[in-house]
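See structure below.
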Amino acid sequence: MNKRNFIITTGAVLALAMLATCYAAFTAIRADQSPQVTEEYRQSTLTSQSGNPFWELGSGFADVFAIVGERLSGK
């Protein structure tokens, strides 16, 4: 496939992807129903730290740094 055909094919694929995205956005905007998210669910999701892999990763790094600090200080 030469450069010209590649550019035309890539442009056509991107145009179709944009068309599908615009259609999905337009139908979502015109939908009369709003998403059913309760205030209780939103607050529990925002404030809970359990199950969040980033919080677990941070606590893991904190444990590693505590161990390294103890070893370096000779405790």
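In segment 26-44, is there at least one residue being in a helix (DSSP H, G or I), open to solvent by less than 80 Å² (accessible area, probe 1.4 Å) and modelled with pLDDT of 80 or more? Within segment 26-44 (the criterion being in a helix (DSSP H, G or I), open to solvent by less than 80 Å² (accessible area, probe 1.4 Å) and modelled with pLDDT of 80 or more), the answer is yes, since at least one residue qualifies. Taking the listed residues Leu19, Leu57, the one that is at pLDDT 80 or above and either among the β-branched types (Val, Ile, Thr) or in a helix (DSSP H, G or I) (or both) is Leu19, with no other qualifying.
The values are calculated or read from the model by the stated rules, or taken from the named source; none is laboratory data. This one's a predicted model, so the numbers in the text were calculated from it and none came from an experiment. Accessible surface is based on the protein model in full, side chains and every heavy atom, while ligands, DNA and RNA are left aside. Shrake-Rupley method; radii C 1.70, N 1.55, O 1.52, S 1.80 Å.
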